[in-house]
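The values are calculated or read from the model by the stated rules, or taken from the named source; none is laboratory data. Bear in mind the structure is a predicted one, so any value in this text is a computation, not a measurement. A quick note on method: Cβ atoms are made from the backbone with ideal geometry, for glycine too, and the neighbour counts reach across all protein chains shown.
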Amino acid sequence: MIRTAWLVLKKDLTVEVRSLEIAYTTLFFAVSCVLFFAFALVKEGKAPEDGAAGILWIAIAFGGTLALGRTFERERQSETLRALLMAPAARPAIYVGKLLGIVALLVAAEIILVPLVAFLFQAPLLSHPFWLGAVLLSGTIGFATVGTLFSAMLVRARSRDVLLPVLLYPITVPVIIAGVRATAALLQPDVELALVRFWVALLVALDVVFVTLALWTFEPLMTD
Amino acid sequence: MIPLDFEDLTVEDVSRHFGRRRALSRISFQTPKRSILGLLGPNGAGKSTMLAVLATLMRPSSGAVRYGTHTAGASGAALRSRIGILGHDLFLYPELTARENLAFFAGLYGAQKPRAAADAALQRSGLADRADDPVASFSRGMRQRVALERALIHGPRLVLLDEPFTGLDDASTAALVARLQALRESDAIVVLATHDLDLAEGLLDTAVFLRDGRIAETVARPDALRSTYRTIMRRTT
């Protein structure tokens, strides 16, 4: 299973490095989002309290949705999804490979977004890098887990571009809220680490639930 | 996972519906190893659907497909490891090179040395000198040759080919025909869906003529395919 997931991940990253299609669109959209909010909300160098946390997660969620929409669409265009499903590998391993590819891409986008948001909103986002990393990683995994499953599920649907956010956002609301609250907690002058730990624990718990459900349902969803 | 093996393929009363549309209706045939079976018929006859069912990509609405004594439902991944399919779509990543495509699929099928398997496949296809070029830069015929190697890279027992002659020039067509005959000699079961009767002439051990999702006729050791086809299709109109 690990070998298959690694093969799929390596293949997805190679394709992405060659085309940069998902990376460019995701980053362009996410950075535009941050810039628009910065111009709208930051007055005389002062941003609304906790605004940076919200904007960061909005950019991740919106940019991530674009990336999720493309990940299986690419397999559909070349009909390689059928070839993947024909392989004797465990089908959940294909899902894991795809998920890791999306997580890697979103983490790369976050590496650019975090300093940008910190700069434009004058937010001390990087004062607790370990905890910020934990919040972003656990939140990204939760969001991408549900998104990758729905993206696979909708690959044959004609209106998949519309349906993906409609299905994805209601289910991932707890992840986004926990991510925003945890990030906001990190922006306080006196950071209450117990509160951050609570939100991270909640995010990890959601990740476990979502990953388990996704691994369980991927194979039946992909058959036929 | 232990790959299983089988010596014949049996299709028993298989039907497949898409909503109210009937793509296959009560199809039955059997073919042993060391044989090439042709699914022949006009567009929309159900050839590709039949191949998808045989490839375990689609479940029949009723009836069963037996791979020796095994069924798709019970054997899953172990069975898929013995099936190779070349579809109408080529199942290749255009951004990857020919070698990367073949090595990726060899790895998925559990090859211990995927790169060596890919290199051997490239030699067989005569594309070794283009191994590091992206597939997107290949002509349709060259892609078809890479796709055939992808389908055969794991040495499948059951080889499913959907219109494999599409886009091939005369030399590549002759090479493919020779390859199919070699597959037959190596104990494979080859199922070939085509409406190119001239190329299938003399190649098939059994011809299953399909029309509107039904078997119009099954002919063993068919000859004069074109006139047989015309006669059968005229009769069933």
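Points worth noting:
- None of B:45, B:103, B:78 is part of a helix (DSSP H, G or I), crowded, with 22+ Cβ neighbours inside 10 Å and either more than 10 Å from chain A (Cβ to nearest Cβ) or of a type outside the set (Phe, Trp, Tyr) (or both) except B:103.
- Test for residue A:35: is it out of contact with any Pro (no Cβ under 7 Å at 6 or more places or on another chain), at positive phi and hydrophobic (A, V, I, L, M, F, W, C): no
Residues checked against (1) surrounded by fewer than 24 Cβ atoms within 10 Å (Cβ to Cβ); (2) of a type in the set (A, V, I, L, M, F, W, C); (3) at pLDDT below 90:
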{"residue": "A:137", "(1), (2), (3)": "yes, yes, no"}
{"residue": "A:142", "(1), (2), (3)": "no, no, no"}
{"residue": "A:147", "(1), (2), (3)": "no, no, no"}
{"residue": "A:153", "(1), (2), (3)": "yes, yes, yes"}
{"residue": "A:175", "(1), (2), (3)": "no, yes, no"}
{"residue": "A:189", "(1), (2), (3)": "yes, no, yes"}
{"residue": "A:197", "(1), (2), (3)": "yes, no, no"}
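- Where helices (runs of 4 or more DSSP H) sit wholly within the range A:1-84, those with at least 2 residues that are farther than 30 Å from residue B:57 by Cβ occupy A:21-41, A:51-77.
- Test: residue A:39 is aromatic (Phe, Trp, Tyr), in contact (Cβ under 8 Å) with a residue 24 or more places away in the chain, surrounded by fewer than 20 Cβ atoms within 10 Å (Cβ to Cβ) and away from chain B (no Cβ under 14 Å): no
- The set of residues in the range B:115-137 that are crowded, with 21+ Cβ neighbours inside 10 Å and within 14 Å of chain A (Cβ to nearest Cβ) comprises B:117, B:118, B:135.
- Qualifying residues in the range A:126-135 (those that are assigned to a helix (DSSP H, G or I) and surrounded by 17 or more Cβ atoms within 10 Å (Cβ to Cβ)) - the one nearest to the chain's Cα centre (by Cα): A:135
- Test for residue B:194: is it among the polar types (S, T, N, Q), modelled with pLDDT under 85 and over 23 Å from residue B:107 (Cβ atoms): no
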